[in-house]
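Inspection log for the structure reproduced underneath, given as structure tokens.
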Amino acid sequence: MNLPIALPALVAVLAAPSAAQEAVEPRPALTVQSSSADSLLSPPRYPDVHAQSLFIVMADGTKLAADLFRPAHDETPVATPVPLV
């Protein structure tokens, strides 16, 4: 498998939900604990994380489970494009 080609294809599938994906029960919002080192960091641009579990149906009918984590404000995912690592 050629990873440079396969990875962008997987990212495109995960970033744009389609009819082939089934919704799974939503998870509660994640929280981050603060520490004394946080005073040295810039404030977070997106204070919340929206977590979504879903199934991606492959061409042969196999379902792959995936967890999608997106930046959020008030538990609502942001609509603007964000960098992906």
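A few points about this structure:
- Listed by first and then second residue, the pairs with beta-carbon distance under 8 Å, at least 6 apart or on different chains, first residue in the range 68-85 and within 16 Å of Pro44 (Cβ to Cβ) and among the acidic types (Asp, Glu), second at pLDDT 85 or above and open to solvent by less than 80 Å² (accessible area, probe 1.4 Å), are Asp74/Asp48; Glu75/Asp48; Glu75/His50.
- Any hit, the range 3-17, residues being modelled with pLDDT under 90 and outside any helix (DSSP H, G or I): yes
The values are calculated or read from the model by the stated rules, or taken from the named source; none is laboratory data. Treat the numbers as computed from the prediction; the structure is a model and nothing was measured. For neighbour counting, all protein chains shown are included, and Cβ atoms are generated from backbone atoms with ideal geometry for every residue, glycine included. Ligands, DNA and RNA are excluded from the accessible area calculation, which covers all protein heavy atoms including side chains. Shrake-Rupley method; radii C 1.70, N 1.55, O 1.52, S 1.80 Å.
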